[in-house]
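Below is one structure, written out as structure tokens; the observations come after it.
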Amino acid sequence: MNRRLRDSLRVLPAAIALAAAGTAAAAPAQAAGAPSARAALAGPRAANPYERGPAPTESSVTAEKGPFAVEKIDVPQGSGTGFNKGTIYAPTDTSQGTFGAIAVSPGFVSPQAWIDWYGPRLASQGFVVMTLETLSLLNAPDERADQLLAALDYMTTKSKAASRIDTSRLAVMGHSMGGGGTLRAAQKRPTLRAAVPLAPWHLERDWSAVRVPTMVMGADNDFIAAVGMHAEPFYQSIAAAPEKAYLELKNAGHMTFNTPNATIAKYAISWMKRFVDDDTRYDKFLCPAPAPSAAISEYRDTCPNGAAAQPAA
């Protein structure tokens with residue numbers, strides 16, 4: 001382990017504990033107002049075989065539960081190789097076909113329970129999702145990257161939900177060092193369809209080799225993975241990905257991502273739907289960029305699919 005990483009790790013547990021204590025007393029952020037819809041393109045929209053669920057609305061992408069009933073599947077230690085254990089959340093209705101799959105990693109000294117809310121929230125929108133308990137609470141970002149990829153491999157081959165997954169439509173997501181791991185996993189496996197690093201922490205600053213559509217989320221009051229040192233330069237360095245976006249939460253801290261939050265859910269769901277499912281019905285939540293609001297400090301993007309859009313109101 002290099003000296004910079006070792007020195008940084010020494011101060012992280014205390015900082016995370018302090019932030020967690022503050023978060024416990026704070027209410028989750030509310031959903032941002034609906035952004036202006038993109039300009040309608042002429043002619044009928046081509047049928048998409050990967051669309052799952054009804055046409056989205058502001059209320060559907062911010063709801064605690066989506067249209068799909070979800071089964072919870074425990075993944076005990078020893079079920080697969082390269083990761084510890086976890087929980088799979090999978091839609092029970094397969095009448096529409098198979099689903100994309102997402103693996104989610106917690107951050108440094110963080111248990112699975114802290115990111116568990118993403119499982120049912122995303123799965124109920126039409127994804128098979130596995131939340132991870134890492135091999136060690138002290139795993140560095142690159143170790144978490146390997147575990148995210150190992151979890152995807154297990155999900156698609158040996159898990160009880162394997163038959164419900166389209167192996168060509170996979171994605172990764174993670175918080176803090178799990179967010180840094182998300183970036184590394186996207187770099188290592190360019191066939192992934194989407195990546196959503198949440199308040200990512202990593203010593204690497206250059207992610208120009210990432211070729212996966214990536215939405216980086218940060219928080220304006222994050223003093224553990226300060227956006228000026230992590231999320232913003234990470235986003236700016238991504239040059240090879242076909243699409244990218246940067247969402248900065250307003251009046252939010254590092255641990256905001258560990259509790260249910262309608263704004264985080266709205267944009268994570270929309271990004272996954274747009275790029276894992278190729279579902280252009282979700283473009284209206286991403287393009288044009290939403291304006292600053294009570295929940296959003298800043299938003300930057302390349303506008304999904306390079307489509308022209310109306311200016312924000």
Could you point to the residue in M272, L247, S208 farthest towards the positive end of segment 59-306's charge dipole, with +1 and -1 charges on the Cβ of Lys/Arg and Asp/Glu respectively? M272
Order these by the 10 Å Cβ neighbour count, fewest first: V276, V196. V276, V196
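What length, rounded to one decimal in nm, is gained on full extension from A209 through to L138, with 0.36 nm per residue of separation minus their alpha-carbon distance?
Values: separation 71, 0.36 × 71 = 25.56 nm, distance 2.61 nm.
Working it through step by step, the gained length comes to 22.9 nm.
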Listed by chain and number, the lysines with an alpha carbon less than 25 angstrom from that of K250, same-chain partners under 8 positions apart left out, are K65, K266, K273, K284
Assign unit charges at the C-beta atoms only (+1 for Lys and Arg, -1 for Asp and Glu), then state the dipole size of segment 59-306 relative to its Cα centre in Debye, rounded to the nearest 20. 380 debye
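In what sequence do I115, I264 fall when counting other Cβ within 10 Å, fewest first?
Ordered by Cβ neighbours within 10 Å, fewest first: I115, I264.
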Under the Karplus relation with 6.51, -1.76 and 1.60 and θ = phi - 60°, whole-Hz ³J(HN,Hα) for segment 85-102, x at Gly and Pro, equal 7, x, 9, 9, 10, 9, x, 8, 8, 9, 5, 8, x, 7, 10, x, 10, 10
I'd like the antiparallel share, as a percent to the nearest 5, of DSSP beta bridges with both residues in segment 210-305. 45 percent
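Since every read-out is calculated from the coordinates, none of them should be taken as a lab result. Being a predicted model, the structure only gives us computed values, none of them experimental. Because the Cβ atoms are built from the backbone with ideal geometry, glycine has one as well, and the counts that use them run over all protein chains shown.
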